[in-house]
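Engineer: Shown below is the structure under consideration.
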Amino acid sequence: MLVPANSCHLWPSTPPTLLLLRHCETQNDVNQVHARIIKTGYLKNSSLTTKIILNSISSPHKPLVEFARYVFFTRYAVQRIRRNHLDDDPFLWNAVIKSYSHGNEPVRALVLFCMMLENGFCVDKFSFSLILKACARVCLVEEGKQIHGLLMKLEIGSNLFLLNCLIAMYLRCGDIEFARQVFDRMPIQDSVSYNSMIDGYVKSGTIDLARELFDSMPLEDKNLISWNSMLGGFAQTKDGIGLALELFEKMPERDLVSWNTIIGGFAKCGRIEFAHSLFNRMPKRDVISWSNMIDGYAKLGDIKVARTLFDEMPDKDVVAFNTIMAGYAQNGYYTEALEIFHEMQRQSNLSPDETTLVVALSAISQLGHVEKAASMHNYFLENGISVTGKVAVALIDMYSKCGSIENAILIFDGVDQKGIDHWNAMISGMARNGLGKLAFGMLLEMHRLSVKPDGITFIGVLNACAHAGLVKEGLICFELMRKVHKLEPKLQHYGCMVDILGKAGLVEGALKFIEEMPIEPNDIIWRTLLSACQNHENFTIGELIAKHLMTMDSCNSSSYVLLSNIYARLGLWSAASKVRMMMKKQNLTKVPGCSWIELEGVVHEFLVRDKSHPYVSEIYSVLDGFGASNLQVIDCKC
């Protein structure tokens, strides 16, 4: 018997056209099947409409999900409203709400939920759970409170599952007090209720309240999640690691999370030997176990042991590679960090993530290799890696540190959604390359575009003004920070202002600025002014500052060197010699100056009076030649 397409009867089997639908991946695929469905009249059958929506709404392919939503709104929802079918099971509505609440548009889940309520459709506990999830994901705490109020008016308002959803929503939105109110008013709590609150307290750093709740938790409700949450709370701090160990030893059972948490805690607080003893006791290890140990040794500067552990790992993933790369970079082994990156590239089963790329870019920026910078950028382009977020920030920073400010600007201009970090990286890059006016102009551009600057922004602009000698712009920037953006200047900002005034030769003004500071100046600020005194030959103020610095920080050689230089400039050789003798008695040595030059892709490092370079004889010979030429020129002029 033939069944008309517009019939409400169930089809005995799924039509072939609809079987094709689940295999659609692109918009073109969906359009072709859609055209076939229209031609056959399947959309007029409510049973087939439901099948189309249910089979497509949870697809990983966006075009198919969008098609399911289109069918839902144009066919299913409209028909239900017209025919006044308001008491239907909200199962299909929930499926569409879930596609929003768990997808990229959680706010639309709230819109659809409101549409259901406005049109008098039935909602159930799953509808509420999905909408609370949506509120939690985008921190819509006020809307969440309204949902909470509605729940309290309904019979399902005391449902344990929904109350746990409410707690999770408030915790995700950072409103721990409201979460606790819900918890305290619950007619009954279960392990999910307790674990959510304990985890919330741990993440907010209120470990005492987490411990209080953990201790009051019924023994039958405590599970591995409860113990691990509390363990993680104690292991966060150096003071709590002892309590973490006590708790660890009391645990009725342990899993990999337990072991990794306690080992990670000891490694982070510097007790790496004890962490290693626990590591050796582990019944089973995973990549996180190994990575915790590698990170712990690297942070203590023992990169050799970290590398040995990395080499001993039976299986390595992206996290392991990132950890050893970061370890090398933190300890100044930038070339080795890049070698690890290249080793990872040779692994066919691994792809670098954002952290990998940021560490690699940071290593290149520290080395100052322009060719490596260009090569890395080309790697991004060839592999279709999106230049956004932290990667874009790292690229801007890398190019500017390598002296290629034009490429840094191109990267910045190419970022569609610029965050404050992108602006800060660009401003700092301009400061580093002496482009003070451009950096100041970027601050004004931020104001025009209503991008709110932060403390780092102003440090970058003030540094740029100092390097370029822009006193007026520096003073304007400082006032903008305080009076327009209501940001309280920190020591770094005051230090920048002293540098601006000092470099411009306004030594007395810089001294007055320091004396009027609302916070105590540190040795760096005084040393900045001392350097200005030497450069502008204000030896009266310079001598006073140098002596003050020597009482503040007697172990720093720079104050002694600057004071000795001041005395030497004045011809007070006896006083200069006395300062040098004081340095000798305290075993203080001047840190030698260092510079790098990149030639044909190779970076050459030079220290003061260093003769370790393989071509040192040729270099000195050329320099001597320059010296002779200069003498000849002088003789001619005489």
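The values are calculated or read from the model by the stated rules, or taken from the named source; none is laboratory data. Keep in mind that what you see is a predicted model, and the values were worked out from it rather than measured. A quick note on method: Cβ atoms are made from the backbone with ideal geometry, for glycine too, and the neighbour counts reach across all protein chains shown.
Engineer: Mind telling me which of the residues VAL461, VAL451 ends up being in a loop (DSSP other than H, G, I, E, B) and aliphatic (A, V, I, L, M)? Quick ask: steps written out before the conclusion?
Structural biologist: Numbers: VAL461 fails: in a loop (DSSP other than H, G, I, E, B).
None of the others qualify; the one that does is VAL451.
Engineer: Taking the residues in region 359-418 that are touching a residue at least 24 places away in the same chain (Cβ under 8 Å) and among the acidic types (Asp, Glu) as candidates, determine which candidate is nearest to GLN345 (Cα to Cα).
Structural biologist: GLU371
Engineer: Inside region 78-127, can you point out the residues that are surrounded by fewer than 14 Cβ atoms within 10 Å (Cβ to Cβ), at pLDDT 85 or above and within 21 Å of ILE52 (Cβ to Cβ)?
Structural biologist: Scanning region 78-127 gives PHE91, GLU105.
Engineer: Follow-up. Output the residues belonging to region 465-498 that are buried (at least 23 other Cβ atoms within 10 Å of the Cβ) and either closer than 18 Å to ASN433 by Cα or of a type in the set (D, E, K, R) (or both).
Structural biologist: The answer is CYS465, ALA466, GLY474, CYS496.
Engineer: Kindly indicate the residue of region 41-77 that is of a type in the set (S, T, N, Q) and in a helix (DSSP H, G or I) and also modelled with the lowest pLDDT among those meeting that condition. Show your work before the answer.
Structural biologist: In the first step, residues of region 41-77 are kept if they are of a type in the set (S, T, N, Q); the result is 45-47, 49-50, 55-56, 58-59, 74.
Narrowing the set further to residues that are in a helix (DSSP H, G or I) leaves 46-47, 49-50, 55-56, 74.
On the way: SER46: 70, SER47: 74, THR49: 77, THR50: 79, ASN55: 80, SER56: 81, THR74: 81.
Only one residue fits best here, namely SER46.
Engineer: Please go through region 182-203 and pick out each residue that is surrounded by 13 or more Cβ atoms within 10 Å (Cβ to Cβ), of a type outside the set (Val, Ile, Thr) and assigned to a helix (DSSP H, G or I). Show your work before the answer.
Structural biologist: Looking only at region 182-203, we keep the residues that are surrounded by 13 or more Cβ atoms within 10 Å (Cβ to Cβ), and these are 182-183, 186, 189-203.
Subset that is of a type outside the set (Val, Ile, Thr): 183, 186, 189-191, 193-197, 199-201, 203.
Answer for region 182-203, where residues must be surrounded by 13 or more Cβ atoms within 10 Å (Cβ to Cβ), of a type outside the set (Val, Ile, Thr) and assigned to a helix (DSSP H, G or I): PHE183, SER191, SER193, TYR194, ASN195, SER196, MET197, ASP199, GLY200, TYR201, LYS203.
Engineer: While we're looking at this one, here's another question. May I ask you to list the residues in region 209-230 that are in contact with a Phe, Trp or Tyr (Cβ under 6 Å, 6 or more places away or on another chain) and buried (at least 22 other Cβ atoms within 10 Å of the Cβ)?
Structural biologist: Those that are in contact with a Phe, Trp or Tyr (Cβ under 6 Å, 6 or more places away or on another chain) and buried (at least 22 other Cβ atoms within 10 Å of the Cβ): ALA210, MET230.
Engineer: Is it the case, given these coordinates, that GLU249 is more than 18 Å from LYS316 (Cβ to Cβ) and out of contact with any Leu (no Cβ under 8 Å at 6 or more places or on another chain)?
Structural biologist: Working: more than 18 Å from LYS316 (Cβ to Cβ): yes; out of contact with any Leu (no Cβ under 8 Å at 6 or more places or on another chain): yes.
Here the answer is yes, as GLU249 does meet what is asked.
Engineer: Out of the residues in region 123-163 that are in a loop (DSSP other than H, G, I, E, B) and in contact (Cβ under 8 Å) with a residue 24 or more places away in the chain, state the one that is nearest to HIS102 (Cα to Cα).
Structural biologist: The initial filter retains those residues of region 123-163 that are in a loop (DSSP other than H, G, I, E, B), namely 123-124, 138-140, 153-154, 159.
Now drop any that are not in contact (Cβ under 8 Å) with a residue 24 or more places away in the chain, which leaves 123-124, 138-140, 159.
Working: VAL123: 18, ASP124: 18, VAL138: 11, CYS139: 14, LEU140: 15, ASN159: 22 Å.
Per the stated criteria, the residue is VAL138.
Engineer: Looking at ILE459, ILE500, ILE566 in this structure, which one is over 34 Å from the mean Cα position of the chain (by Cα) and either at pLDDT 90 or above or closer than 21 Å to MET581 by Cα (or both)? I'd like the intermediate steps shown before the answer.
Structural biologist: Working: ILE459 fails: over 34 Å from the mean Cα position of the chain (by Cα); ILE500 fails: over 34 Å from the mean Cα position of the chain (by Cα).
Just one listed residue meets the conditions, ILE566.
Engineer: LEU395: among the hydrophobic types (A, V, I, L, M, F, W, C) and within 27 Å of GLU445 (Cα to Cα), yes or no?
Structural biologist: Details: among the hydrophobic types (A, V, I, L, M, F, W, C): yes; within 27 Å of GLU445 (Cα to Cα): yes.
Yes: the conditions hold for LEU395.
Engineer: Next up: List every residue pair whose Cβ atoms sit under 8 Å apart, with the two residues 6 or more apart in sequence or on different chains, where the first one lies in region 520-546 and is in contact (Cβ under 8 Å) with a residue 12 or more places away in the chain and aromatic (Phe, Trp, Tyr) and the second, anywhere, is assigned to a helix (DSSP H, G or I) and surrounded by 17 or more Cβ atoms within 10 Å (Cβ to Cβ).
Structural biologist: The qualifying pairs are TRP526/ILE514; TRP526/ILE545; TRP526/LEU549; PHE539/CYS533; PHE539/ILE566.
Engineer: Follow-up. Check THR206 against each of (1) under 25 Å from GLU253 (Cβ atoms); (2) surrounded by fewer than 19 Cβ atoms within 10 Å (Cβ to Cβ); (3) β-branched (Val, Ile, Thr) and name the one condition it does not meet.
Structural biologist: Condition (1) is where THR206 drops out.
Engineer: For region 268-301, give me each residue that is among the small types (Gly, Ala, Ser), surrounded by fewer than 21 Cβ atoms within 10 Å (Cβ to Cβ) and within 17 Å of ALA235 (Cβ to Cβ). Show your work before the answer.
Structural biologist: Here is the first cut: in region 268-301, the ones among the small types (Gly, Ala, Ser) are 270, 275, 277, 289, 291, 296, 298, 301.
Okay, now just the ones that are also surrounded by fewer than 21 Cβ atoms within 10 Å (Cβ to Cβ), so 270, 277, 289, 301.
Of everything in region 268-301, those that are among the small types (Gly, Ala, Ser), surrounded by fewer than 21 Cβ atoms within 10 Å (Cβ to Cβ) and within 17 Å of ALA235 (Cβ to Cβ) turn out to be GLY270, SER277, SER289.
Engineer: Considering region 286-307 alone, what residues qualify as being under 14 Å from ALA267 (Cβ atoms) and of a type in the set (Lys, Arg)? Working first, answer last.
Structural biologist: First, pick out the residues of region 286-307 that are under 14 Å from ALA267 (Cβ atoms): 288-302, 305-306.
Passing the criteria: only LYS299.
Engineer: Quick one: which of SER365, SER348 is modelled with pLDDT under 85 and either exposed (fewer than 14 other Cβ atoms within 10 Å of the Cβ) or assigned to a helix (DSSP H, G or I) (or both)? If you could, list the steps in order and put the result at the bottom.
Structural biologist: Numbers: SER365 fails: modelled with pLDDT under 85.
Going through SER365, SER348 in turn, just one is modelled with pLDDT under 85 and either exposed (fewer than 14 other Cβ atoms within 10 Å of the Cβ) or assigned to a helix (DSSP H, G or I) (or both): SER348.
Engineer: Exactly one of these conditions fails for GLY327: (1) more than 25 Å from ILE303 (Cα to Cα); (2) in a helix (DSSP H, G or I). Give me its number.
Structural biologist: Condition (1) is where GLY327 drops out.
Engineer: So which residues in region 521-551 are outside any helix (DSSP H, G or I) and surrounded by 18 or more Cβ atoms within 10 Å (Cβ to Cβ)? So that I can check it myself, show each step before the final result.
Structural biologist: Of region 521-551, the ones outside any helix (DSSP H, G or I) are 521-522, 536-538.
PRO521, ASN538 - these are the residues of region 521-551 that are outside any helix (DSSP H, G or I) and surrounded by 18 or more Cβ atoms within 10 Å (Cβ to Cβ).
Engineer: Out of the helices (runs of 4 or more DSSP H) lying entirely within region 227-323, which hold 3 or more residues that are farther than 27 Å from SER196 by Cα and in contact (Cβ under 8 Å) with a residue 12 or more places away in the chain?
Structural biologist: The helices (runs of 4 or more DSSP H) meeting that bar are 272-281, 287-299, 303-312.
Engineer: All but one of (1) in contact with a helix residue (DSSP H, G or I) (Cβ under 7 Å, 6 or more places away or on another chain); (2) surrounded by 17 or more Cβ atoms within 10 Å (Cβ to Cβ); (3) more than 23 Å from MET313 (Cβ to Cβ) hold for GLN236; which doesn't?
Structural biologist: Among (1) in contact with a helix residue (DSSP H, G or I) (Cβ under 7 Å, 6 or more places away or on another chain); (2) surrounded by 17 or more Cβ atoms within 10 Å (Cβ to Cβ); (3) more than 23 Å from MET313 (Cβ to Cβ), the lone unmet condition for GLN236 is (1).
Engineer: Which residues, taken from region 472-502, are acidic (Asp, Glu) and part of a helix (DSSP H, G or I)? It would help to see each step written out before you state the result.
Structural biologist: Filtering region 472-502 for residues acidic (Asp, Glu) gives 473, 479, 488, 499.
Residues satisfying the conditions are GLU473, GLU479, ASP499.
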